[in-house]
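Engineer: Would you mind keeping the following structure in view while I ask a few things?
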Amino acid sequence: MDIKSIKEELSSITLLYVEDNCDLREKNIEIFSYLFKSVKSATNGYEGLEIYKSFEIDLVITDLNMPIMSGIEMLKRIKRLNRNQKSIVYSAYSEFEYYSKLKEINVDKFIKKPISCNIFLEEILNVVGKDYIRA
């Protein structure tokens, strides 16, 4: 799929991206801002949760281990507010270490860092397929 097609698929989606690594966050925000309707970002789970409560969010992409509040704790609280919230965990840790917690909160996808941009975008598209995207 080419970048124009990917942009068409994602252009109606508001993303919440939560990542404590400043360099990685800034790099991905630059890419995401081009593709998504809107990108909200946070440096930890607490900030992410507060942003989530303030905006209509279609997709949450979060790191696992962050200061103040972890990605898992943030997603638990988000899923209490909206159990159908689409979510992707993006982490350097293996899924196996967190499998039961991720399954418990019904995470849609786990992506292990590092990953190429193309594969990352394909995984995002798998989570937010055409049947999910708002008109």
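Engineer: I'd like to verify a number: residues in the range 9-49 that are surrounded by fewer than 13 Cβ atoms within 10 Å (Cβ to Cβ) and among the acidic types (D, E), how many?
Structural biologist: Qualifying residue count for the region: 3.
Engineer: Of I29, I105, I72, which residue is within 26 Å of I6 (Cα to Cα), of a type outside the set (S, T, N, Q) and out of contact with any Pro (no Cβ under 6 Å at 6 or more places or on another chain)?
Structural biologist: Checking each option against the conditions leaves just I29.
Engineer: Then there's this: Just give me the residues in the range 92-135 being under 22 Å from S11 (Cα atoms), at pLDDT 75 or above, touching a helix residue (DSSP H, G or I) at 6+ places or on another chain (Cβ under 8 Å) and hydrophobic (A, V, I, L, M, F, W, C), in sequence order.
Structural biologist: Correct list: I111, L121, I124, L125, V128.
Engineer: Which one is nearest to the chain's Cα centre (by Cα), of the residues in the range 59-80 that are among the charged types (D, E, K, R) and either surrounded by 20 or more Cβ atoms within 10 Å (Cβ to Cβ) or under 16 Å from F110 (Cβ atoms) (or both)?
Structural biologist: So the residue we want is D63.
The values are calculated or read from the model by the stated rules, or taken from the named source; none is laboratory data. For clarity, every value in this text was computed on a predicted model and none was experimentally measured. All Cβ positions, glycine included, derive from the backbone under ideal geometry; neighbour counts span all protein chains shown.
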